[in-house]
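The values are calculated or read from the model by the stated rules, or taken from the named source; none is laboratory data. Source: prediction; values computed, not measured. Reconstructed Cβ throughout: ideal geometry from the backbone, glycine too, with neighbour counts over all protein chains shown. Please note that ligands, DNA and RNA were not included when accessible areas were found on the heavy atoms of the full protein model with its side chains. Shrake-Rupley method; radii C 1.70, N 1.55, O 1.52, S 1.80 Å.
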Amino acid sequence: MPDEPIRVVDRRWWARTEEHPDAATDDRIDRKPTVVEDLEQQVAAKSAQLQSVLADHRRALDEFEQIKLRMRRETAREVERARRGILAELLEVLDNLDRAIAAAREAPASADTLLRGVELVRDQFLAKLEALGVTRIAAVGQPFDAVIHDAVSMAPVADASQDGIVVAVAKEGYAIGDELLRPAAVVVGRFDG
């Protein structure tokens, strides 16, 4: 017995060629059913479509990140350009202050002349601020408003109509457009009557 070859018996009816000699030539045995082939083709098509969509999505994300970086750089450049423009405007005021100091040292002038020169520089500085949209908040004679005024003290007043009215300004307040830049530090009248 040991010399006999091992024989395998295939019990699958569709694989038996002895019983069905024409089965070996039949194409249907080696092929998958058409429904399975159709489903595999659809899966392959959908997989390719998914890969295409994922690639488009990655490209769009990369492009979006590049746009964000470019916008940040451009915004930073614009802010820096605006800052330089403002500083250049303010340097003119500094130049005039330097000229006033130099003129006061060279030719001792009267206090009135020096005062007038400093007032001119102050007016120039206020004009530069106004050109940038900064306005001074009117305070004296106005009713106290906690939104735009900061009360630093109270002062007695003789007239009851002056109660709660700003009677003096310790530090001017400024606004840029509709936004408060700095509240005015004010003295508010109080009637003790």
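Looking only at the range 31-82, residues that are open to solvent by 70 Å² or more (accessible area, probe 1.4 Å), among the polar types (S, T, N, Q) and over 30 Å from L129 (Cβ atoms) come to 6 in all.
Would it be correct to say that T25 is surrounded by fewer than 11 Cβ atoms within 10 Å (Cβ to Cβ), at pLDDT below 80 and among the β-branched types (V, I, T)? It is true that T25 is surrounded by fewer than 11 Cβ atoms within 10 Å (Cβ to Cβ), at pLDDT below 80 and among the β-branched types (V, I, T).
Looking for something of a type in the set (G, A, S) and under 30 Å from D192 (Cβ atoms) - is there at least one such residue anywhere in the range 128-140? Yes: one or more hits.
Among the residues of the range 161-185, those identified as closer than 24 Å to A127 by Cβ and of a type in the set (A, V, I, L, M) are V169, A170, A175, I176, L180, L181, A184, A185.
Checking each residue in the range 104-113 for being at pLDDT below 75 and open to solvent by less than 90 Å² (accessible area, probe 1.4 Å) picks out A104, A107, A109, S110, A111. All of V147, V134, V140 fail the test of being of a type outside the set (S, T, Y) and either farther than 20 Å from P183 by Cα or surrounded by 14 or more Cβ atoms within 10 Å (Cβ to Cβ) (or both), apart from V134. Under the condition of being in contact with a strand residue (DSSP E or B) (Cβ under 6 Å, 6 or more places away or on another chain), charged (D, E, K, R) and open to solvent by 70 Å² or more (accessible area, probe 1.4 Å), the residues counted in the range 151-191 number 4. Checking each residue of the range 114-126 against the condition of being of a type in the set (S, T, N, Q) and open to solvent by 70 Å² or more (accessible area, probe 1.4 Å) gives no match. A count restricted to the range 99-149 and to residues that are within 30 Å of D159 (Cα to Cα) and aromatic (F, W, Y) stands at 1.
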